[in-house]
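This structure is in structure tokens; I'll ask about it shortly.
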Amino acid sequence: MLQNLGVNASGNLTIGNVDTVSLAKKYGTPLYLLDEQVICDNVMQYKNAIDKYYNKKGLVLYASKAFSSVYIYRLINTLGIGIDVVSGGELYTALKAGFDTSKIYFHGNNKSYDELLMAMQNDVEVIVVDNENELSRLNSIAVNLNKKQKILLRITPGIDAHTHDFVKTGNIDSKFGFTLENGDALRIIGTLSKYENLIYEGLHCHIGSQIFDVMPFVEASNVMLKLAKDIKDEFGYVTKKLNLGGGFGIKYVEGDDPIEYESYIEKVSQNVKKLCKEFNLEMPFIIMEPGRSIIGPAGITLYTVGNTKIIPNIRNYVSVDGGMSDNPRFALYGSKYECLIANKASENKTTDVYTVAGKHCESGDFIAENIHIQTPEYGDILAVLATGAYNYSMASNYNMATKPPVVVVSNGEDKLVIRRETFEDLLNSTEI
Ligand code: LLP
């Protein structure tokens, strides 16, 4: 079980010392819960490690696609780190939350003209340019606004991170970034001088997500620093900033063995320092972009158990009142989760295996397959652990499901930060 979870005298699961079963009664289910202390601790771990190993010449950006809302942008802003946003919607939400624009980085492989304009009009610090079309589009917007825009270039470094195919981004066959292997990246950098209103600040790469191994990150830093050297040698540009992306894995189930963030940062920093010496480069300002590892372990989701269907020798189904509309990760990636019955948290799990199914009209609408939980009965509260990242942010209204609320637990208190959608909300954009 995760560190912030416990079991109280009534035998109920607690999060941040608050009884989850009472929260399910108060707010209804499905319900997303986040423990603020865990988010703060994770941010501070990254922040302190980057300060320590890069002599305060670095910045952590929270990859806000993992969970984006006014609440999280405000919290992250007060913790003093930056964010990456990948859409007009994320940027809009961050601006509404009053996020410090000097710490906003804007990503995306197909940002629209309007999104680029919005970013520049709102003084977003850095735009991470993904391809050649975007370079010229961004430059003409900058000329029209009579502004200079700082940019990083996203590079596809050709690193194969050992993770699910859908979340790999570093190998040559990727829609993201300038390709290094075929010489595209260097050729395009050679054309930068024609984009007079863009200021080259440096490079970015992101090799994938839910990665447990340090080596792909070290390899990525090798490739990126070698490129920084080639850029300096061939064109004289100094790579002032180097963004090494996010992607650090978290523990979902037994057997997942995440890297200690501090030791990851230490190893990569040693390599970066060594290569800078070898290549005679000034140490760049180092940026990292963790998303999942900041907010994933802070969250759990609560459901109410509905019908069970036992098919002897085939499968034991236990259906809950949500499913792929609030957590599509099993359907998309076959993701694994640890579950338990929150109101029976002190009881042993049975030897039987259950498949937790949702209520949507799809046979593959599962939350977790063939897992051990306490004996489920109608009306029980089922908790799914480590759902803080890529659950709420990937929720949909499939089957006209209303998105669940988000409640934050902090100092033993609970606060509603996103209310449950209503049926009326579903019709908000309908022209009747
Ligand atoms: N930076 C960039 C440019 C990214 O594309 C991503 C994630 C991150 C940082 C943050 O990666 P993290 O530290 O969260 O692994 N929906 C998938 C994950 C997609 C990740 C997309 N990009 C999932 O649920 O597993």
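Extension gain residue 370-residue 399, at 0.36 nm per residue separation less the Cα-Cα distance, in nm?
Working: separation 29, 0.36 × 29 = 10.44 nm, distance 2.51 nm.
My answer for the length gained is 7.9 nm.
Next up: Can you compute the FRET efficiency between residue 218 and residue 378 using 1/(1 + (r/R0)^6), with r the Cβ-Cβ distance and R0 = 35 Å? Round to the nearest 0.05.
According to the calculation, E is roughly 0.10.
Now for a different question. If we count every other residue with Cβ under 14 angstrom of residue 375's Cβ, Lys/Arg +1 and Asp/Glu -1, where does the sum land?
Cβ neighbours under 14 Å give a net charge of -2.
Per residue, how much accessible area does the range 98-206 have with a 1.4 Å probe, in Å²?
43 Å²
Leaving out ligands, DNA and RNA, what percent of the accessible area of the range 233-313 is carbon and sulfur, probe 1.4 Å?
48 percent
Taking a point 7 angstrom from the Cα of residue 421 along the C-beta vector, which residues in the range 24-46 have backbone N less than 20 Å away?
Only 27-34 pass the distance filter.
Please return the longest stretch of the chain lacking exposed loop sites, where GluC sites (Glu not before Pro) count only if DSSP places them in a loop and at most 15 other Cβ atoms lie within 10 Å.
On the way: sites that count: 181, 196, 254, 260, 282, 347, 362, 377, 431.
Looking at the chain, 1-180 is the longest stretch - no exposed GluC sites (Glu not before Pro) with at most 15 other Cβ atoms within 10 Å.
For the pair residue 332 and residue 121, how long in nm is the line joining their label points, each one 7 Å along Cα→Cβ?
Label-label distance for residue 332 and residue 121, simple model: 3.0 nm.
Moving on. May I ask for log10 I(q)/I(0) of the chain at q = 0.10, 0.11, 0.13, 0.14 Å⁻¹, from a Debye sum over the Cα atoms as equal point scatterers with solvent left out?
-0.73, -0.87, -1.14, -1.27
If you stretched the chain out fully between residue 347 and residue 57, how much longer would it get, using 0.36 nm times the residue separation minus the C-alpha to C-alpha distance?
On the way: separation 290, 0.36 × 290 = 104.40 nm, distance 4.93 nm.
Roughly 99.5 nm would be gained on extension.
Take the chain, connect every pair of alpha-carbon atoms lying under 10 Å apart with a spring to form a Gaussian network, then pick out the residue of 220, 94, 142 with the largest mean-square fluctuation.
Sorting by GNM fluctuation, first place goes to 142.
Taking a ≥ b ≥ c as the square roots of the Cα gyration tensor eigenvalues, with a/c under 1.5 meaning rounded and otherwise prolate when a/b beats b/c, else oblate, which class fits the range 207-321?
Verdict is prolate for the range 207-321.
Let me ask something else. Once you have a ≥ b ≥ c as the square roots of the Cα gyration tensor eigenvalues for the range 53-186, tell me rounded if a/c is under 1.5, and otherwise prolate or oblate according to whether a/b is larger than b/c.
Working: a/c = 1.70, a/b = 1.18, b/c = 1.44.
Oblate, because a/c is 1.5 or more while a/b does not exceed b/c.
Something else now. If the cut-off is 16 Å between C-alpha atoms, which aspartates and glutamates fall inside it for residue 415, apart from same-chain ones fewer than 8 positions away?
19, 35, 36
Just to be sure I understand the model, the point goes 7 Å from the Cα along the line to the Cβ. What's the resulting residue 171 to residue 280 distance in nm?
In this crude spin-label approximation the distance works out to 3.8 nm.
What shape does the range 1-124 have by the C-alpha gyration tensor, where a ≥ b ≥ c are the square roots of the eigenvalues, rounded means a/c under 1.5, and otherwise prolate means a/b greater than b/c and oblate the rest? Don't jump to the answer; show the numbers that get you there.
Details: a/c = 3.14, a/b = 1.61, b/c = 1.95.
Cα axes put the range 1-124 in the oblate bin.
Post the alpha-carbon centroid distance, the range 390-413 to the range 80-127, in whole angstrom.
With the range 390-413 and the range 80-127 each reduced to a Cα centre, they are spaced 23 Å.
Shifting gears a bit: Going through the range 290-390, which chymotrypsin sites (Phe, Trp or Tyr not before Pro) have at most 16 other Cβ atoms within 10 Å and a DSSP loop state?
Working: sites: 303, 317, 330, 333, 337, 354, 366, 378, 390; in loops: 337, 378, 390.
Loop-located and lightly packed - 378.
Something else now. Report the residues of the range 2-40 in range of a label on residue 411: point 7 Å along Cα→C-beta, backbone N strictly under 17 Å from it.
16-18, 35-40
Now for a different question. Full-extension gain between residue 428 and residue 41, please, as 0.36 nm times their residue separation minus the C-alpha to C-alpha distance.
So the extension gain works out to 135.6 nm.
Which value in nm describes the separation of the simple spin-label points at residue 310 and residue 10, placed 7 Å from the Cα toward the beta carbon?
Going from the residue 310 label point to the residue 10 one covers 2.9 nm.
Can I ask one more? Please list, in order along the range 156-161, the HN-Hα scalar couplings obtained from phi with the Karplus expression 6.51 cos²θ - 1.76 cosθ + 1.60 (θ = phi - 60°), rounded to whole Hz, x for Gly and Pro.
Listing the rounded values in order: 8, x, x, 10, 9, 7 Hz.
Could you give me the ³J(HN,Hα) list for the range 125-133, computed from phi with Karplus coefficients 6.51, -1.76, 1.60 and θ = phi - 60°, whole Hz, x at Gly and Pro?
With the stated coefficients, the range 125-133 comes to 4, 9, 9, 8, 7, 9, 7, 5, 4 Hz.
Residues with amide H under 5 Å of residue 304's amide H, sequence separation 5 or more or different chain, H placed in the peptide plane at 1.01 Å from N; which?
Counting only residues 5 or more places away or on other chains, the set is 321, 382.
Would you tally the net charge around residue 48, using a Cβ to Cβ cut-off of less than 11 Å, leaving residue 48 out, and scoring K and R as +1, D and E as -1?
On the way: positive: 47, 52, 56; negative: 41, 51, 262.
Result for the neighbourhood of residue 48: 0.
With the cut-off at 21 Å, tell me which of the pairs 57/240; 344/403; 65/194; 47/226; 57/277; 26/344 have Cα atoms farther apart than that.
344/403; 65/194; 47/226, as the Cα separations exceed 21 Å there.
The values are calculated or read from the model by the stated rules, or taken from the named source; none is laboratory data. Computed from a prediction, not measured in an experiment: that's the story for all the values here. All Cβ positions, glycine included, derive from the backbone under ideal geometry; neighbour counts span all protein chains shown. With ligands, DNA and RNA removed, areas are computed over all heavy atoms of the protein, side chains included. Shrake-Rupley method; radii C 1.70, N 1.55, O 1.52, S 1.80 Å.
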